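Some notes on the structure that comes next.
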Amino acid sequence: MKVQGMAARQQGATLEPYSYELGSPQVFDCLIKVQACGLCHSDIHMVDNDWEMTEYPIVPGHEAIGEVVELGSSVTHLQVGDRVGVGWQGGACLQCDDCLRGNENLCDHHEATIIRGPGGFADYLMVDARFAFPIPAGIEARSAGPLLCGGITVYSGLRQGGMTSGQEIGIIGVGGLGHMAVQFASRLGNRVTVFTTSQDKADLAEQLGAHEAIVVPKGESPPPGEGKLDLILSTVPADLDWGAYAEHLKSNGALTFVGVPNSGELTLPFWSLLMKQRRIVPSIIGGRPRIREMLSVAERFGIEPMVEEFPLERVNEAIAKVRDNTIRYRAVLTVG
Ligand code: NAP
Ligand code: ZN
């Protein structure tokens, strides 16, 4: 079938209409009629080839929600008409030790939705049905998309860093990921401190559930730490003064990374870790059991991204708002 999407034809290009053929679903595939798709900063990293793995043209979009319209012959857990969501991961071997432990996100054969094929900035999306998740009835389509990448990434990152309840949690960056992290951490019974570059987000952070907000202007270091946080989650796509943030952690606290520093390097004084046995914990999206758990936590605790909706044709406007950090807080493209 002929599909209409929006693609970047070269590095850093604005997205343009692009039509392409999608064949019939393979045995485990599912064809989705896309209703809405979130715009994650990783889509922009891919358009810009920041991670040196982009092949053009690229159709971004990996927070897609839609209706199942066709299924491969071996798919039994979904029905035509189901509402499903797809995130960053679109495939894995499902046989290695990591996959068998439910850590498909760590599989050596991990495939990204927007690398294995065209993504969700289109009217239809073909995915491996084993990475398409039924969306609980209590979650709206516009909210569900951002949960499938941004939401699982911060929920799993917080869990990886050791979040339980009754803790002191720091969140660096109140963007698409960060504003959902504030909600997960606070609704699950933690005291949340936000580090943000802007006063307006510091003011809004309270509405999201933060108890304290510290403004750290771009390029500056945070104020001296008092060593009171159990965990800090960085959602920032930049290189910050990580040693100064580590000083905000208690003994054995975890400096947890989901944001990808743009240098691709992590530099901090070893002493800022050693003397208090502080830990560095990187975290990448989440496995399938974690995604199901996150969706039910989000539904039960009413965790919803705050979104700005744009019709798909206006995707470049949405990208510009993410690039200049004026989006509040996640852009969602609506299709059809
Ligand atoms: P986003 O909406 O652009 O939010 C990033 C936030 O970081 C901004 O809102 C801003 O927060 C802060 N920030 C940006 N530049 C900064 C700078 N130079 N100095 C200090 N703070 C800065 O992006 P996102 O969609 O949330 O994605 C964030 C990062 O996570 C990206 O690197 C993305 O690729 C990565 N990611 C990782 C995974 C994973 O599995 N690990 C999954 C999805 C995304 P304030 O305005 O509050 O300062
Ligand atoms: Zn993403």
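Summary of computed values
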{"item": "Qualifying residue in segment 159-170 (condition: surrounded by fewer than 21 Cβ atoms within 10 Å (Cβ to Cβ), in contact (Cβ under 8 Å) with a residue 40 or more places away in the chain, of a type in the set (Lys, Arg) and more than 12 Å from ligand 1 (Cβ to nearest atom))", "result": "yes"}
{"item": "Contacts under 6 angstrom Cβ, first residue in segment 317-336 being closer than 22 Å to ALA202 by Cβ and modelled with pLDDT of 95 or more, partner within 10 Å of ligand 1 (Cβ to nearest atom) and basic (Lys, Arg), 6 or more apart", "result": "ILE327/LYS321"}
{"item": "Enumeration of residues in segment 228-264 that are free of Cβ contacts under 8 Å to residues at least 60 places away in the same chain, assigned to a loop (DSSP other than H, G, I, E, B) and within 19 Å of ALA213 (Cβ to Cβ)", "result": "ALA238, ASP241, GLU247"}
{"item": "Lone qualifier among TRP242, TRP271 - being crowded, with 20+ Cβ neighbours inside 10 Å, on the phi < 0 side of the Ramachandran plot and among the aromatic types (Phe, Trp, Tyr)", "result": "TRP242"}
{"item": "Pair list, Cβ under 9 Å, 6 or more apart: segment 113-132 residue in contact (Cβ under 8 Å) with a residue 60 or more places away in the chain and β-branched (Val, Ile, Thr), other residue open to solvent by less than 50 Å² (accessible area, probe 1.4 Å) and assigned to a helix (DSSP H, G or I)", "result": "ILE114/SER42; ILE114/ASP43; ILE114/MET46; ILE115/MET46; VAL127/THR113"}
{"item": "Segment 3-28, subset part of a loop (DSSP other than H, G, I, E, B) and more than 28 Å from GLY81 (Cα to Cα), residue least open to solvent (accessible area, probe 1.4 Å)", "result": "LEU15"}
{"item": "Wholly enclosed helices (runs of 4 or more DSSP H) of segment 269-334 bearing at least 2 residues over 30 Å from CYS107 (Cβ atoms)", "result": "271-274, 315-323"}
{"item": "Selected residue (criterion: most open to solvent (accessible area, probe 1.4 Å)) from residues of segment 106-156 that are over 18 Å from GLY91 (Cα atoms) and of a type in the set (A, V, I, L, M)", "result": "ALA137"}
{"item": "Which listed residue is farther than 25 Å from VAL322 by Cβ, at pLDDT 95 or above and surrounded by fewer than 14 Cβ atoms within 10 Å (Cβ to Cβ), from LYS228, LYS250", "result": "LYS228"}
{"item": "Which listed residue is away from ligand 2 (no atom under 16 Å from the Cβ) and not hydrophobic (A, V, I, L, M, F, W, C), from SER234, SER283, SER198", "result": "SER198"}
{"item": "Residue satisfying all of: in segment 294-336; among the acidic types (Asp, Glu) and away from ligand 1 (no atom under 16 Å from the Cβ); nearest to ALA7 (Cα to Cα) among these", "result": "GLU313"}
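The values are calculated or read from the model by the stated rules, or taken from the named source; none is laboratory data. Quick caveat: nothing in here was measured; it's all calculated off a predicted structure. Neighbour counts are summed over all protein chains in view; Cβ atoms, including those assigned to glycine, are modelled from backbone coordinates with ideal geometry. Just the protein is used for accessible areas: all its heavy atoms, side chains included, with ligands, DNA and RNA removed. Shrake-Rupley method; radii C 1.70, N 1.55, O 1.52, S 1.80 Å.
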